[in-house]
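Here the structure is laid out as structure tokens; the discussion comes afterwards.
The values are calculated or read from the model by the stated rules, or taken from the named source; none is laboratory data. Fair warning: this is a prediction, and the values are worked out from it, not measured in the lab. Neighbour counts are summed over all protein chains in view; Cβ atoms, including those assigned to glycine, are modelled from backbone coordinates with ideal geometry. Keep in mind that these areas ignore ligands, DNA and RNA; they rest on the heavy atoms of the full protein, side chains included. Shrake-Rupley method; radii C 1.70, N 1.55, O 1.52, S 1.80 Å.
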Amino acid sequence: MKQRDIQLDSQGRLRHFLTIEGLKQQTLIDILDTAENFSTVGTRKVKKVPLLRGKTIANLFFEASTRTRTTFELAAKRLSADVLNININTSSTTKGESLLDMLRNLEAMHCDMFVVRHHSSGAAHFFAKHVAPHISVINGGDGSHAHPTQGMLDMFTIRRHKPDFTALRVAVVGDILHSRVARSQIHALNILGVPEVRAIGPRTLIPAEAESLGVHVYNDMKEGIRDVDVVIMLRLQRERMQGALLPSENEYYRTYGLSPEKLALAKPDAIVMHPGPINRGVEMASSVADGPQSVILEQVTNGIAVRMAIMSMVLGRPNEEQEAN
Amino acid sequence: MGIHISKGHLIDPTNQVDKITDLFIEDGQVIGLDKAPNNFKTEQLINAEGQYVIPGIIDLQARVREPGQEDKASIASETRAAAAGGITTLCLPPDTQPIIDTPAVIELIHRRNELAASAEIVTLGALTKGLGGTELSEMYELKRAGCVGVSNARAPIPNTLVMRRAMEYAANFEMTLFLTAEDHSLSKNGCAHEGMISTRLGLPSIPEAAETMAVARLLMLVEQTGVRAHFCQLSTAKSVQMINRAQHDGLPVTADVTTHHLYLTEMDIGYFDSNCHVFPPLRSQRDKAGLREGLSNGTLNAICSDHQPHELDAKLAPFCESEPGMSTIDTLLPLALRLVDETNLTLSDIIARLTSHPAQILGLKTGQLGIGSRANICVFDPQQSWMVSHETLNSRGKNSPFIDWEMKGQVSHTLLAGRVVFQR
Amino acid sequence: MTDISNVNTLLDKMAESIQSKCQTRQVSDPLMIGIHTGGVWVANALHPRLGLKEDLGTLNISFYRDDFTRIGMHPQVEPSSLPFEVNDRHIILVDDVLHTGRTIRAALNEIFDYGRPASVMLAALVVRSGKELPVCADVMGIRLNLTESQHIKLTGPDPLKLELQESK
């Protein structure tokens with residue numbers, strides 16, 4: 001039995017935003033184009049448009065992250081929505097029933113959208129499956145599964161520097177195994193037509209059958225980074241590490257850290273990205289992070305416009321009932 | 001009371017019967033075939049024309065959640081569901097609450113089973129005290145109290161010396177050891193097969209080696225200790241090959257497989273369908289093919305349900321946080337029957353893997369319908385189709401991964417010791 | 001009904017009218033802002049006629065629409081662009097058709113998010129019946145009394161043409 005993608009409505013428009021996987025190229029381009037419009041709002045005197053006035057957006061964060069929460073909050077506020085920030089102590093909600101109870105409570109407060117960040121893969125889909133029909137869910141990161149808004153803001157940043165996706169070679173470097181960001185980026189790059197996506201990392205941090213994601217796997221960083229147009233460094237999620245995945249940060253930096261010497265192997269105009277926060281001297285050298293090829297701070301700025309675009313596209317869907325009439 | 005089952009197609013693999021015939025039952029036993037014995041008085045006539053008559057199905061692993069988790073299901077509810085599915089014997093692993101490691105718990109279960117006797121329950125005793133994996137249980141006492149074997153369920157026995165001693169001790173009392181092959185250091189925290197799907201969905205994964213490592217280790221010890229070992233719910237093609245080789249070498253090992261591993265793969269998880277969260281995990285397409293091959297060539301001796309009913313809330317959580325296990329008791333027979341179309345197994349082969357083989361593994365005299373045997377019987381209509389839904393599932397657990405599947409084959413009558421315990 | 005076939009004549013008339021309004025109101029150096037899409041075409045035509053010094057501003061009011069949740073978000077290729085400070089300046093806001101007044105309400109809101117202009121004058125090529133908000137044009141090319149089923153549409157940008165359509 002094949003069920004319809006739950007993040008799309010009957011017209012194929014985004015009803016939730018849970019994962020980039022399976023979306024049409026045009027949908028991604030629409031998001032990028034809409035974000036392009038919103039990006040000017042942040043430079044104005046009044047950094048706010050009344051688009052989502054009267055809407056309530058609840059940020060449900062089961063996993064602490066000040067930075068991501070702030071950009072979601074800012075995006076919602078710039079759209080004139082009311083924002084509720086709810087940080088949930090995960091130890092008190094290990095049972096599914098209390099998760100659902102909480103959902104019902106929030107629904108009773110007449111929220112229109114939940115931004116969900118959760119430590120368990122599939123949490124956003126779980127919420128989307130169980131919310132009332134008028135509520136939309138945006139995945140703010142679930143386990144190691146997906147972080148689609150981050151994926152889209154990275155695409156936005158790449159497009160600003162390298163407008164033609166079909167002419168790019170992109171390397172994603174580091175802890176692919178645990179990285180939801182990497183999964184979302186890889187899906188987006190493939191959908192947007194990037195001909196060569198490389199995943200670089202030690203065997204302990206590359207998931208099984210990684211090629212099935214649509215990447216070429218390189219265990220040797222120097223070989224993998226050669227002639228790429230975009231280098232995306234992943235955060236080494238040390239808190240997720242269990243077992244013997246890596247011997248030391250030092251050895252990691254020496255083998256997979258982005259040093260100026262390794263960066264020199266990429267194309268001369270290659271851009272360097274990182275979802276932040278950076279472990280300097282582990283994932284990359286400070287001189288690279290702050291260097292001329294780094295677009296890391298732009299990523300942060302772009303995150304707001306991209307999230308505004310996604311929120312407004314999801315909440316701005318014409319009511320299906322109205323349309324039917 | 002005399003029951004006459006007329007014109008049914010009797011399949012009794014043990015006695016090599018495969019023909020349309022009449023069956024006569026009195027005092028809980030089969031007393032006649034073909035022709036009514038002298039002085040037989042028919043008190044109930046079951047017209048089985050167009051239907052099959054087989055020994056009652058023996059399910060090598062099913063959890064009824066009692067004692068301990070009566071919010072999920074009970075002996076009464078699940079034996080009723082078993083009867084409706086043609087199953088007359090359920091084998092319980094020892095991980096109940098309290099754990100089956102004393103005669104008192106076994107007595108409790110059997111007493112409750114007698115009160116709600118829609119199917120009979122046999123128990124496996126704990127191999128180690130409290131399933132703790134360190135101290136041997138009183139296996140002799142457990143055997144005397146009625147346990148048909150010993151097992152540590154899914155609980156680990158990390159120390160190989162303890163495992164070796166446990167095997168020696170079980171062998172000493174001629175008890176069959178039921179083994180779940182899992183290397184816990186490799187499966188740790190995992191909830192899906194390590195492969196394409198776990199990679200795509202970012203789910204903590206369980207590699208194939210978590211099972212094959214354990215099978216290899218256990219086979220070495222079986223060889224050394226000579227214990228009769230039964231491997232429960234194998235999930236990988238490689239394990240099947242290893243068991244096959246061991247059987248070839250003359251080791252006293254048998255193995256079973258669940259219906260869900262014969263039909264589903266990691267792909268069925270889709271976007272985090274928590275009804276597909278199960279241990280061992282649903283594996284790859286190749287593994288599924290290997291399991292079917294193992295069933296065909298006889299390496300896998302039995303098909304079981306590994307039934308694990310849950311209340312709705314248990315599955316209402318993100319995939320890994322939902323409770324593992326599937327409600328599969330209702331679909332055991334129809335899914336097994338479907339293998340006739342999808343493999344080279346004959347109907348008689350399939351019936352053997354549901355009845356006579358599990359009986360042998362458990363050391364039971366049932367699973368066959370020779371004259372004088374206990375009249376545990378299932379009568380089913382092979383053509384009757386039905387849809388799996390919350391309404392059609394008789395188990396209290398609605399957590400079936402087969403919801404909306406069309407099943408072919410439906411039980412019309414189930415007899416337990418000559419008594420009709422289910423009738424549609 | 002008045003002739004709508006010659007848009008250029010209407011534009012000339014509007015330019016004249018704007019100039020005289022500016023004189024009577026003592027407005028000097030006004031800025032011109034066109035509303036996407038038709039309003040920008042009209043403004044582009046008026047801008048050289050008036051000989052304004054500063055570049056034309058454009059507004060895309062889709063972020064300010066009050067019917068957003070009904071019509072939804074459509075990715076726009078052109079965002080608003082106001083290449084000047086609006087604070088204390090006189091502004092001529094240009095649209096193609098003034099109908100309900102809602103577009104103008106949205107446009108005014110957006111302009112005020114950029115600053116506080118000294119004054120805003122509204123110029124519309126067509127003013128049609130169906131007003132829902134208290135918004136009047138200071139300058140117009142033509143006024144049309146239309147029924148609800150009639151629609152007036154500007155096509156362009158070159159040549160600019162007005163089309164009257166009947167919907168069933």
* Which one of these does C:GLY130 not meet: (1) within 16 Å of the chain's Cα centre (by Cα); (2) touching a residue at least 24 places away in the same chain (Cβ under 8 Å)? -> (1)
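Does the range A:242-256 hold any residues that are aliphatic (A, V, I, L, M), within 14 Å of another protein chain (Cβ to nearest Cβ) and open to solvent by 50 Å² or more (accessible area, probe 1.4 Å), and which are they? Walk me through how you get there before you give the answer.
Pass one, the range A:242-256, residues aliphatic (A, V, I, L, M): A:244-246.
Of the ones still in play, those that are also within 14 Å of another protein chain (Cβ to nearest Cβ) are A:244-245.
Residue satisfying the conditions is A:ALA244 alone.
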* Asked: Can you name the number of the only condition in (1) free of Cβ contacts under 8 Å to residues at least 12 places away in the same chain; (2) touching a strand residue (DSSP E or B) at 6+ places or on another chain (Cβ under 9 Å) that B:LEU177 fails?
  -> (1)
* Candidates B:THR96, B:THR102, filtered to the one that is among the β-branched types (Val, Ile, Thr), open to solvent by 50 Å² or more (accessible area, probe 1.4 Å) and more than 18 Å from B:LEU354 (Cα to Cα) -> B:THR102
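Being open to solvent by 50 Å² or more (accessible area, probe 1.4 Å) and within 14 Å of another protein chain (Cβ to nearest Cβ) is the filter here, so list the residues in the range A:205-238 that pass it.
Here is the first cut: in the range A:205-238, the residues open to solvent by 50 Å² or more (accessible area, probe 1.4 Å) are A:209, A:211-212, A:216, A:219-220, A:222-223, A:226-227, A:235, A:238.
Once the filter is applied, which keeps residues that are open to solvent by 50 Å² or more (accessible area, probe 1.4 Å) and within 14 Å of another protein chain (Cβ to nearest Cβ), the range A:205-238 yields A:GLU209, A:GLU211, A:SER212.
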* To do: Output yes when any residue across the range B:361-380 is open to solvent by 20 Å² or more (accessible area, probe 1.4 Å) and among the hydroxyl-bearing types (Ser, Thr, Tyr), and no when none is.
  => no
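Grab the helices (runs of 4 or more DSSP H) fully contained in the range C:1-82, keeping just those with 1 or more residues being over 18 Å from C:ASP158 (Cα atoms) and open to solvent by 30 Å² or more (accessible area, probe 1.4 Å).
Working: elements: C:7-24, C:38-50, C:68-71.
Result: C:7-24, C:68-71.
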* Can you confirm whether the range A:257-273 contains a residue that is in contact with a Pro (Cβ under 8 Å, 6 or more places away or on another chain) and either open to solvent by 70 Å² or more (accessible area, probe 1.4 Å) or not hydrophobic (A, V, I, L, M, F, W, C) (or both)? => no
* Asked: Filter the range A:186-203 for residues that are part of a helix (DSSP H, G or I) and within 13 Å of chain B (Cβ to nearest Cβ); which is most open to solvent (accessible area, probe 1.4 Å)?
  -> A:ASN190
* **Selection within the range B:388-414 - within 14 Å of another protein chain (Cβ to nearest Cβ) and part of a loop (DSSP other than H, G, I, E, B)** => B:VAL388, B:SER389, B:ASN399, B:SER400, B:PRO401, B:PHE402, B:ILE403, B:ASP404, B:TRP405
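Here is a yes/no grid of residues against (1) within 30 Å of A:SER10 (Cα to Cα); (2) modelled with pLDDT of 95 or more:
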| site | (1), (2) |
| --- | --- |
| A:VAL217 | no, yes |
| A:ARG235 | no, no |
| A:GLU249 | no, no |
| A:ALA266 | no, yes |
| A:ASP269 | no, yes |
| A:GLN293 | no, yes |
| A:ILE310 | yes, yes |
| A:ALA324 | yes, no |
* To do: Might you check whether a residue that is touching a His at 6+ places or on another chain (Cβ under 8 Å), under 19 Å from C:THR24 (Cβ atoms) and open to solvent by less than 30 Å² (accessible area, probe 1.4 Å) occurs anywhere in the range C:119-129?
  => yes
* So A:ILE57, is it assigned to a strand (DSSP E or B), of a type in the set (Val, Ile, Thr) and either open to solvent by less than 60 Å² (accessible area, probe 1.4 Å) or within 11 Å of another protein chain (Cβ to nearest Cβ) (or both) -> yes
* Structure fact -> Residue pairs within 9 Å by beta carbon, gap of at least six or interchain, first lying in the range C:61-86 and facing chain A (nearest Cβ under 7 Å), second open to solvent by 60 Å² or more (accessible area, probe 1.4 Å) and modelled with pLDDT under 80, listed first then second, are C:THR69/A:ASN319; C:ARG70/A:ASN319; C:ARG70/A:GLN322
* Asked: Does B:ILE269 fit the bill of being more than 20 Å from A:ALA124 (Cβ to Cβ) and not charged (D, E, K, R)?
  -> no
* Would you mention how many residues in the range A:12-54 are more than 8 Å from chain C (Cβ to nearest Cβ) and aromatic (Phe, Trp, Tyr)? => 1
* Looking at the range A:91-115, which of the residues that are at pLDDT below 95 and of a type in the set (Val, Ile, Thr) is farthest from A:THR71 (Cα to Cα)? -> A:THR94
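Among B:ARG292, B:ARG245, B:ARG286, which is open to solvent by 10 Å² or more (accessible area, probe 1.4 Å), touching a residue at least 24 places away in the same chain (Cβ under 8 Å) and away from every other protein chain (no Cβ under 14 Å)?
On the way: B:ARG245 fails: touching a residue at least 24 places away in the same chain (Cβ under 8 Å); B:ARG286 fails: away from every other protein chain (no Cβ under 14 Å).
Residue meeting the stated conditions: B:ARG292.
Determine whether C:SER20 is hydroxyl-bearing (Ser, Thr, Tyr) and touching a helix residue (DSSP H, G or I) at 6+ places or on another chain (Cβ under 9 Å).
Numbers: hydroxyl-bearing (Ser, Thr, Tyr): yes; touching a helix residue (DSSP H, G or I) at 6+ places or on another chain (Cβ under 9 Å): no.
For C:SER20, the condition - hydroxyl-bearing (Ser, Thr, Tyr) and touching a helix residue (DSSP H, G or I) at 6+ places or on another chain (Cβ under 9 Å) - is not met.
Yes or no: the range B:111-134 includes at least one residue that is of a type in the set (Val, Ile, Thr), farther than 22 Å from B:THR180 by Cα, buried (at least 19 other Cβ atoms within 10 Å of the Cβ) and in contact (Cβ under 8 Å) with a residue 40 or more places away in the chain.
Going residue by residue through the range B:111-134, those that are of a type in the set (Val, Ile, Thr) are B:121-123, B:128, B:134.
Within this subset, residues satisfying the condition of being farther than 22 Å from B:THR180 by Cα are none.
So far as the range B:111-134 goes, no, none of its residues is of a type in the set (Val, Ile, Thr), farther than 22 Å from B:THR180 by Cα, buried (at least 19 other Cβ atoms within 10 Å of the Cβ) and in contact (Cβ under 8 Å) with a residue 40 or more places away in the chain.
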* To do: Determine whether A:ILE57 is among the hydrophobic types (A, V, I, L, M, F, W, C) and touching a residue at least 60 places away in the same chain (Cβ under 8 Å).
  => yes
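Please count how many residues of the range C:94-103 are assigned to a helix (DSSP H, G or I) and closer than 19 Å to C:LEU162 by Cβ. Spell out how you get there, then give the answer.
Start the filter on the range C:94-103 by keeping residues that are assigned to a helix (DSSP H, G or I), which leaves C:102-103.
From what's left, closer than 19 Å to C:LEU162 by Cβ: C:103.
Within the range C:94-103, residues that are assigned to a helix (DSSP H, G or I) and closer than 19 Å to C:LEU162 by Cβ number 1.
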